[in-house]
1. Could you list all residues from the stretch 5-41 that are open to solvent by 10 Å² or more (accessible area, probe 1.4 Å), under 16 Å from the mean Cα position of the chain (by Cα) and more than 14 Å from GLN258 (Cβ to Cβ)?
2. Of the residues that make up the stretch 31-51, is at least one touching a residue at least 24 places away in the same chain (Cβ under 8 Å), assigned to a helix (DSSP H, G or I), among the basic types (Lys, Arg) and farther than 30 Å from VAL237 by Cα?
3. Here is a list: THR90, THR130. Which entry is touching a helix residue (DSSP H, G or I) at 6+ places or on another chain (Cβ under 8 Å) and not in a helix (DSSP H, G or I)?
4. Hey, among the residues in the stretch 133-169 that are surrounded by fewer than 13 Cβ atoms within 10 Å (Cβ to Cβ) and polar (S, T, N, Q), which one's nearest to the chain's Cα centre (by Cα)?
5. When residues of the stretch 47-59 are filtered for being surrounded by fewer than 22 Cβ atoms within 10 Å (Cβ to Cβ) and of a type outside the set (A, V, I, L, M), how many remain?
6. Pick out, from the stretch 170-243, the helices (runs of 4 or more DSSP H) lying fully within it that include 3 or more residues that are at pLDDT 75 or above and either open to solvent by less than 30 Å² (accessible area, probe 1.4 Å) or under 30 Å from THR112 (Cβ atoms) (or both).
7. Going by the structure shown, is GLY44 open to solvent by less than 40 Å² (accessible area, probe 1.4 Å), modelled with pLDDT of 90 or more and more than 20 Å from GLY251 (Cα to Cα)?
8. Between a first residue in the stretch 102-116 that is part of a helix (DSSP H, G or I) and a second residue that is of a type in the set (D, E, K, R), which pairs have beta carbons less than 9 Å apart while being 6 or more apart in sequence or on different chains?
Amino acid sequence: MEMPTLQLLFDGAVTGLVIGLLAMGIVLVHRSTRVINFAVANMGLVGSVLFALLVVRWDVPYWLALIVSLAVGALFGAIVDLVVVRRLFTAPRVIVLVATIGVAQLALTVVTAYPDLDDYTTESYPVPWTGTWSPVDDLQISGAQRSVLVTVPIAAIVLGWFLGGTVLGKTVKASAGNPELARLNGISPKVVSTAVWAIAGLLGTLCLILISAQTKSLTQIATLGPTTLLRALAAAVIARMVSFRIALLAGVGLGLLQSFVQFNWLDQP
């Protein structure tokens with residue numbers, strides 16, 4: 001076996017950061033509702049594909065399109081809770097888990113219904129910065145990777161602050177651990193659930209935008225969500241569906257492992 005080059009290790013770590021952030025979204029939903037969200041990646045496709053169409057096809061400024069797309073992703077997450085999860089609020093968690101698989105297929109159906117999507121296959125996915133930066137020999141950092149290095153730590157810090165420093169964040173764990181006690185203290189588990197699913201939709205959208213920018217196209221949207229979910233779910237399981245920090249670190253570890261495997265066995269799918 002050969003060790004991967006510095007570039008491959010860096011690429012794997014950057015991809016792992018995004019996987020770790022998505023895993024944090026899975027952990028967030030599970031900690032608040034005890035549901036394993038199999039739709040988190042496909043939910044992100046709704047906003048991430050819309051973002052590409054807004055910028056490339058409809059000439060909307062990048063940052064305005066980003067805000068709109070993240071808002072749409074959060075709104076889709078809230079709608080999923082209100083229409084699907086809330087109707088199954090008292091159902092066994094395995095039933096809700098199966099429902100999230102249906103939500104994943106629904107999200108893909110929504111994406112494929114977007115106008116002008118069929119004409120997009122020759123276009124590149126929009127990125128905030130172009131060109132590459134080479135801080136040392138044998139290492140080039142693309143604009144898409146720079147956006148990951150900036151965005152993921154900020155998003156992880158904000159999520160940690162939300163859970164530990166806001167009233168709504170502190171009620172997430174309380175409503176999951178003891179819903180009846182939460183109600184007695186004026187906390188509505190259903191409101192918390194809606195807020196959490198909206199955040200999950202936003203995180204999923206952000207992660208899929210970052211991943212799509214690295215793959216540089218939308219030609220694989222049918223598989224992008226499921227393959228991303230598998231890695232994120234693995235990281236969330238390593239974190240035992242509890243620790244955000246371990247989920248993020250596990251995502252980075254899986255990204256590095258992926259680079260090592262691809263480097264040594266690239267011709268063996």
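1. HIS30, ILE36, PHE38
2. Here is the first cut: in the stretch 31-51, the ones touching a residue at least 24 places away in the same chain (Cβ under 8 Å) are 31-51.
If we keep only those that are assigned to a helix (DSSP H, G or I) too, we end up with 31-33, 40-51.
With the extra rule that they be among the basic types (Lys, Arg), the set shrinks to 31.
Checking which are farther than 30 Å from VAL237 by Cα leaves us with none.
No, the stretch 31-51 contains no residue that is touching a residue at least 24 places away in the same chain (Cβ under 8 Å), assigned to a helix (DSSP H, G or I), among the basic types (Lys, Arg) and farther than 30 Å from VAL237 by Cα.
3. Numbers: THR90 fails: touching a helix residue (DSSP H, G or I) at 6+ places or on another chain (Cβ under 8 Å).
That would be THR130, the only listed residue that is touching a helix residue (DSSP H, G or I) at 6+ places or on another chain (Cβ under 8 Å) and not in a helix (DSSP H, G or I).
4. Among those residues, the one meeting the criterion is THR166.
5. Number of matching residues: 3.
6. In the stretch 170-243, 189-215, 221-238 are the helices (runs of 4 or more DSSP H) which contain 3 or more residues that are at pLDDT 75 or above and either open to solvent by less than 30 Å² (accessible area, probe 1.4 Å) or under 30 Å from THR112 (Cβ atoms) (or both).
7. Taking the combined requirement at face value, the residue does not satisfy it.
8. That search, which allows pairs on different chains as well, returns nothing.
The values are calculated or read from the model by the stated rules, or taken from the named source; none is laboratory data. The shown structure was predicted, so the numbers you read here are calculated from the model rather than taken from an experiment. Quick reminder, even Gly has a Cβ in these numbers, built from the backbone with ideal geometry, and neighbours come from all protein chains shown. The protein model used for the area step is the full one, side chains on, heavy atoms only, and it has no ligands, DNA or RNA in it. Shrake-Rupley method; radii C 1.70, N 1.55, O 1.52, S 1.80 Å.
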